[in-house]
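Note sheet for the following structure.
The values are calculated or read from the model by the stated rules, or taken from the named source; none is laboratory data. Since we're looking at a predicted model, the values are computed, not measured. Every residue, glycine among them, receives a Cβ derived from its backbone with ideal geometry; neighbour counts consider all protein chains shown. For accessibility, only protein heavy atoms count, side chains too; no ligands or nucleic acids. Shrake-Rupley method; radii C 1.70, N 1.55, O 1.52, S 1.80 Å.
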Amino acid sequence: MTATLIKGTEIREKILEEITAEVADIKEKHGKVPGLVTILVGENPASISYVTLKIKTAHRVGFKEIQDNQSPDIAESDLLALIEKYNNDESINGILVQLPLPKHIDEKKILNAIDPDKDVDGFHPVNVGRLMIGGNEVKFPPCTPAGIQEMIVRAGVETKGAEVVVVGRSNIVGKPIANMMLQKGPGANATVTVVHTGTKDLAAHCKRADILIVAAGVPGLVKPEWIKPGSCVIDVGVNRVGEKISEKTGKKIAILRGDVDFDAAIEIAGFITPVPGGVGPMTITMLMQNTLKSLKYKLGI
Ligand code: GUN
């Protein structure tokens with residue numbers, strides 16, 4: 001059996017078309033478009049490429065977009081003042097501070113300074129709390145977990161009563177997706193286990209997963225014999241394992257590998273996400289979704 005591929009690139013296109021249409025409609029009826037600012041501190045090449053893509057996507061769907069680049073030496077107090085400026089800017093609905101930040105800046109302090117009603121990343125403690133409570137309390141589910149849930153639902157995978165095993169307990173992926181999958185509601189209502197570096201028998205837990213979500217950041221961690229036949233495997237890992245010359249552009253590009261041994265897993269699973277082109281494209285898509293939601297909350301529509 002060969003698994004069905006869940007392609008983030010295809011789902012992204014559908015969702016971005018839906019968002020573009022809704023933005024145009026709101027603009028016509030209310031004279032407003034969602035505003036997104038991305039704040040980039042320093043010159044980390046991966047961060048630059050993520051932020052560039054976020055801004056390009058925001059432009060594509062018709063948002064007002066601002067890319068605010070700051071020097072790596074910016075004082076913490078100046079960064080806090082910048083966030084306060086955008087908190088008070090009526091035309092801005094979403095504020096995103098690209099992580100990681102330089103060492104002299106306290107990341108927690110910065111994330112806590114963002115107005116929770118503009119925190120489209122869903123990283124502010126208020127939004128983490130809202131996510132934990134679930135239901136109508138949730139305003140901004142964090143983007144990667146939201147993308148994962150969207151992929152599972154759009155692939156038609158049954159989640160109610162499913163055994164979900166999450167590998168990894170990060171604040172950005174593992175903890176929030178575990179929380180979302182256990183809520184009582186559509187696309188969730190699952191029995192969830194979270195495994196991590198302290199777990200005694202990783203393989204035994206993975207083997208009983210109907211839905212296996214892997215966000216460990218370890219290339220090829222999940223072996224084919226750990227995968228339950230017919231299950232749904234979501235690989236969140238994006239590991240740079242080398243470089244190659246692109247056939248299209250002739251430029252050097254990273255060779256990316258997931259946390260799952262994809263070539264073997266595709267013969268066992270029922271559904272699987274590729275790397276690249278799987279979960280990756282969904283993160284930015286859900287950021288657009290959250291920014292649109294933020295304007296809609298404000299307008300009461
Ligand atoms: N760095 C890596 N992923 C993310 C993300 O989803 N949001 C932000 N703000 N920074 C990141």
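First obtain the Kirkwood hydrodynamic radius of the stretch 171-231 from its Cα pairs, then insert it into the Stokes-Einstein equation at 25 °C and 0.890 mPa s, and state the resulting D in µm² per second as a whole number.
Values: Rh = 12.6 Å.
After rounding, the answer is 195 µm²/s.
Of T159, P274, H59, which is farthest towards the positive pole of the chain's charge dipole, taken about the Cα centre with +1 and -1 on the beta-carbons of Lys, Arg and Asp, Glu respectively?
Value computed over the given set: T159.
What list of ³J(HN,Hα) couplings, whole Hz, do you get for the stretch 284-301 from phi and the Karplus terms 6.51, -1.76, 1.60, once you set θ to phi - 60° and write x for glycine and proline?
Per-residue couplings from phi come out as 5, 4, 6, 5, 5, 4, 5, 5, 5, 4, 4, 5, 5, 4, 5, 7, x, 10 Hz.
Which ³J(HN,Hα) values, rounded to whole Hz and listed in residue order, are derived for the stretch 141-151 from phi using the Karplus coefficients 6.51, -1.76 and 1.60 in 6.51 cos²θ - 1.76 cosθ + 1.60 with θ = phi - 60°, glycine and proline given as x?
Ordered by residue, 3J(HN,Hα) equals x, x, 5, 5, x, 4, x, 4, 4, 4, 5 Hz.
Ignoring ligands, DNA and RNA, what percent of the 1.4 Å accessible area of the chain is carbon and sulfur? List each step's numbers first, then the result.
Values: 7760 of 14550 Å².
Solvent-exposed carbon and sulfur of the chain make up 53 percent of the total.
Could you tell me the convex hull volume per residue, in Å³, taken over the Cα atoms of the stretch 107-184? Walk me through the numbers on the way to the answer.
Values: hull volume 6.9 nm³, N = 78.
Considering the Cα atoms of the stretch 107-184, their hull volume per residue is 89 Å³.
Using a probe radius of 1.4 Å on heavy atoms only, what accessible surface per residue do you get for the chain? Whole Å² is fine. Please report the intermediate quantities before stating the final value.
Details: 14550 Å² over 301 residues.
Ligands and nucleic acids excluded, the figure is 48 Å² per residue.
Normalised by the residues of the stretch 1-93, what does the relative contact order come to in percent, with Cα pairs under 8 Å and at least six apart?
Values: 78 pairs, mean separation 29.6, N = 93.
Answer for the stretch 1-93 is 32 percent.
Let me spell out the model: positive unit charges on the Cβ of Lys and Arg, negative unit charges on the Cβ of Asp and Glu, origin at the Cα centre of the chain. What dipole size does that give, in debye rounded to 20?
For the chain, the charge dipole is close to 300 debye.
Within the chain, which is the longest segment that contains none of the GluC sites (Glu not before Pro) sitting in a DSSP loop with at most 10 other Cβ atoms within 10 Å?
Longest stretch, sites excluded: 91-246.
What does the accessible area of D121 come to, in Å² to the nearest 10, when a probe of 1.4 Å is used?
Its heavy atoms expose roughly 20 Å² to the probe.
Any chance you could tell me what percent of the C-alpha pair distances in the chain go past 26 Å? Could the numbers behind the result be given before it?
Values: 21156 of 45150 pairs.
Tail of the P(r) past 26 Å holds 47 percent of the pairs.
In what sequence, largest accessible area first, do I177, I48 appear using a 1.4 Å probe?
Details: I177 0, I48 65 Å².
If we order I177, I48 from most to least accessible, we get I48, I177.
Which of rounded, prolate or oblate describes the stretch 101-148 when judged by the alpha-carbon gyration tensor and an a/c cut-off of 1.5? Could the numbers behind the result be given before it?
Working: a/c = 2.63, a/b = 1.79, b/c = 1.47.
It comes out prolate by the Cα gyration axes.
Between K200 and E43, 0.36 nm times their residue separation minus their Cα-Cα distance comes to what?
Numbers: separation 157, 0.36 × 157 = 56.52 nm, distance 3.95 nm.
Result: 52.6 nm gained on full extension.
Suppose the chain between A24 and N171 were pulled fully straight at 0.36 nm per residue; how much longer would it get relative to their current alpha carbon spacing? It would help to have the intermediate numbers written out before the result.
On the way: separation 147, 0.36 × 147 = 52.92 nm, distance 3.41 nm.
Full extension of this stretch gives 49.5 nm more.
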